[in-house]
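Trainee: Sharing a structure below in structure tokens format, with a few things to ask.
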Amino acid sequence: VYVWRTDGLKPDHAAGREIYIGRALFDGTQRLVKVARCCNTPGGNLVFQDLHAKLSSHYGFATSYPNTKYINCLAELNGYEGIIFDRRRWNAPVPGAANGEVRNCVVRRNNLAQGTGIGQGITVEAENVWIYDSEIYENGFAGIDFLDYSVDTKTDGGGVQNCKVHNNGIQPTKMESFDPNIYIDGGSNITIRDNEIWGAGIDPRGSKTRLR
């Protein structure tokens, strides 16, 4: 995964910024990871600001621990999700990425692994994750997916406020993608408030790209 700061500085610039880009499978080579590495102590309460993650074969930003915030970040052109809030996918301790936040970010044109059926702009599998003041568009499947599908997921609470979510669900016809811009996909008690939402399944050039 290639990571830049959107203000042109190095990703590790400024005290308090913790970024780990590793070499193991699913650990930096395929996603940006934020985990405390010493003594099996879980991470958490981290803020990632002004970062640009793109061209990962898998995930842009992957969050496995609680109280993680992304502010002024850009996730684009990744193979799977632009951002994923995990609960138990990578064996993090419960509650996983609960109480996460995305604020003033852009998540666009993710899920380039065409035909796999994997990847939204933002996938939420943990409790009380909020997305504020952001724009999510032109992702292959759903723009935002509150996904609760197994004993290892618990998407209860959280929501989307003051965002623009548009032109998602445009996976090419190798897979039948009928995903909406915002998908309450098993999640509970999700709040959708003061958003602009339009154009699901329609690319910005005005052509229908999903199967009917």
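Trainee: What distance in nm separates the simple spin-label points at residue 91 and residue 133, each placed 7 Å from Cα in the Cβ direction?
Mentor: So the two model labels end up 3.9 nm from each other.
Trainee: I'd like to check one number: the per residue accessible area of the range 86-166, probe 1.4 Å, reported in Å² as a whole number. Provide the component values of the computation, followed by the final result.
Mentor: Values: 2790 Å² over 81 residues.
About 34 Å² of surface per residue is accessible.
Trainee: While we're looking at this one, here's another question. Taking K and R as +1 and D and E as -1, what net charge do the other residues with C-beta under 13 Å from the C-beta of residue 160 add up to?
Mentor: That sum, taken over residues with Cβ under 13 Å, equals -3.
Trainee: For residue 157, list long-range residues whose amide hydrogen, built 1.01 Å from N in the peptide plane, is under 5 Å from its own amide hydrogen.
Mentor: 128, 188, 189, 190
Trainee: Mind ranking 193-199, 46-52 by how tightly packed they are, going by the mean number of other C-beta atoms within 10 angstrom, highest first?
Mentor: With the highest mean Cβ count within 10 Å placed first, the list reads 46-52, 193-199.
Trainee: Now a separate question. For the range 132-144, take each phi angle, set θ = phi - 60°, evaluate the Karplus expression 6.51 cos²θ - 1.76 cosθ + 1.60, and give the result in whole Hz per residue in order, putting x for glycine and proline.
Mentor: Calculated HN-Hα couplings, in order: 10, 6, 10, 10, 10, 8, 6, 8, x, 10, 4, x, 10 Hz.
The values are calculated or read from the model by the stated rules, or taken from the named source; none is laboratory data. Computed from a predicted structure; not experimentally measured. Ideal geometry is used to build each Cβ from the backbone, glycine not excepted, and the neighbour counts take in all protein chains shown. Surface areas here come from the heavy atoms of the whole protein model, side chains and all, with no ligands, DNA or RNA. Shrake-Rupley method; radii C 1.70, N 1.55, O 1.52, S 1.80 Å.
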